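A.B. asks: One structure, pasted below without further comment.
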Amino acid sequence: MIEVPYNRLNGISLSNLNLHRAKLENMNLSNTTFFQSNLRGAFLFNSILIKSNLSCTKLITADLRGAVLLDADLSDSIASYCDFSHSKLQGSNFQGAKIDFANFANANVSNANMLCIDFEKAIFKDTVYNIETVWPKDFDPLINGCILL
């Protein structure tokens, strides 16, 4: 497990790094770039990742409960089994992200691009969305437990 002895790392590049099981909870990581990094099993709960670049990252089993990911880029990431419950994901981009078995319970995905891969296996219980949220063509958010604002 990687210990990070800072409470904020906003605006820096952490691209192409192996941050497997990194302890990054309760941190300000806004505008930080994690492009192509391995964040498998990372602890990011309650962290602030506003406008952060998490594209092409490995987020498998990462803990992002209660995180703030407003306008974050998670495109083409692998977020299988990732926990986004209670997270603020408004305006985030999940285009091409693999989200099988990811947990979005009680998260807010308003204005987000949710054109993901394996979305039918994700958990969307009480996930909040609006009419600007973009879903895959064959996905009905209401049937899958989402709440329209």
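A.B. asks: Identify the chymotrypsin sites (Phe, Trp or Tyr not before Pro) of segment 93-137 meeting these criteria: DSSP loop state and at most 12 other C-beta atoms within 10 Å of the C-beta.
C.D. replies: Within segment 93-137, no chymotrypsin sites (Phe, Trp or Tyr not before Pro) qualify (loop, at most 12 other Cβ atoms within 10 Å).
A.B. asks: Starting from the Kirkwood radius over alpha-carbon pairs of the chain, derive D by Stokes-Einstein at 10 °C in a medium of 1.306 mPa s and give it in µm² s⁻¹.
C.D. replies: Once the numbers are plugged in, D ends up at 109 µm²/s.
A.B. asks: Also: At 0.36 nm per residue, minus the direct Cα-Cα distance, what do D118 and K51 gain on full extension? Give it in nm, one decimal, please.
C.D. replies: Between D118 and K51, full extension yields an extra 21.7 nm.
A.B. asks: OK, next. Under a Cβ-only charge scheme (Lys and Arg +1, Asp and Glu -1), can you give me the dipole magnitude of the chain about the Cα centre, in debye to the nearest 20?
C.D. replies: Dipole size: approximately 380 debye.
A.B. asks: Could you tell me the calculated FRET efficiency between K137 and N26, based on Cβ-Cβ distance and R0 = 35 angstrom, to the nearest 0.05?
C.D. replies: 0.40
A.B. asks: Can I ask one more? Neighbouring Cβ atoms within 10 Å as the yardstick, rank L39, L115 fewest first.
C.D. replies: Ranking L39, L115 by Cβ neighbours within 10 Å, fewest first, gives L115, L39.
A.B. asks: Let me ask another. Could you give the distance between the Cα centres of segment 99-124 and segment 8-44, to the whole Å?
C.D. replies: Between the Cα centre of segment 99-124 and that of segment 8-44, the gap is 21 Å.
A.B. asks: Relative contact order for the chain: what is it in percent, counting Cα pairs under 8 Å that are at least 6 residues apart?
C.D. replies: Averaging sequence separation for qualifying contacts and normalising by length gives 13 percent for the chain.
A short reminder: the numbers here are calculations on the coordinates, not readings from a lab. Treat the numbers as computed from the prediction; the structure is a model and nothing was measured. Glycine also receives a Cβ, built like all others from the backbone with ideal geometry; neighbour counts cover every protein chain displayed.
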